[in-house]
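Let me begin by presenting the structure, written as structure tokens, before commenting on it.
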Amino acid sequence: MYFPQDLLFNCDKYDELRKTLFHKIKSLLCPNVNLNSFKNEINTYLVELFLQGSDDLSMDDNIVIFQCVYEFIENSNRFL
């Protein structure tokens with residue numbers, strides 16, 4: 001069985017893509033916080049955000065996050 005958090009957070013194969021994803025969305029979420037230092041605490045929040053968006057963010061911000069996650073998945077070649 002495969003879980004979204006495996007691809008998004010755990011698989012070492014995608015570390016560089018993950019860094020790029022976090023860098024792109026960081027300014028939308030918490031620009032002064034190192035997301036990697038809170039990796040375990042925010043994984044649940046980020047999985048929901050990446051897959052469902054957030055009512056706490058504007059539609060434009062949700063679209064940017066969706067596009068970044070889509071690019072991450074596409075570049076991973078995981079589902080080809």
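For the subset of segment 24-68 comprising residues that are among the charged types (D, E, K, R) and not in a helix (DSSP H, G or I), which member is modelled with the lowest pLDDT?
ASP56
Any chance you could count how many residues in segment 41-51 are without any contact (Cβ under 8 Å) to a residue 40 or more places away in the chain, surrounded by 10 or more Cβ atoms within 10 Å (Cβ to Cβ) and of a type outside the set (A, V, I, L, M)?
Here the count works out to 4.
The values are calculated or read from the model by the stated rules, or taken from the named source; none is laboratory data. Bear in mind the structure is a predicted one, so any value in this text is a computation, not a measurement. Reconstructed Cβ throughout: ideal geometry from the backbone, glycine too, with neighbour counts over all protein chains shown.
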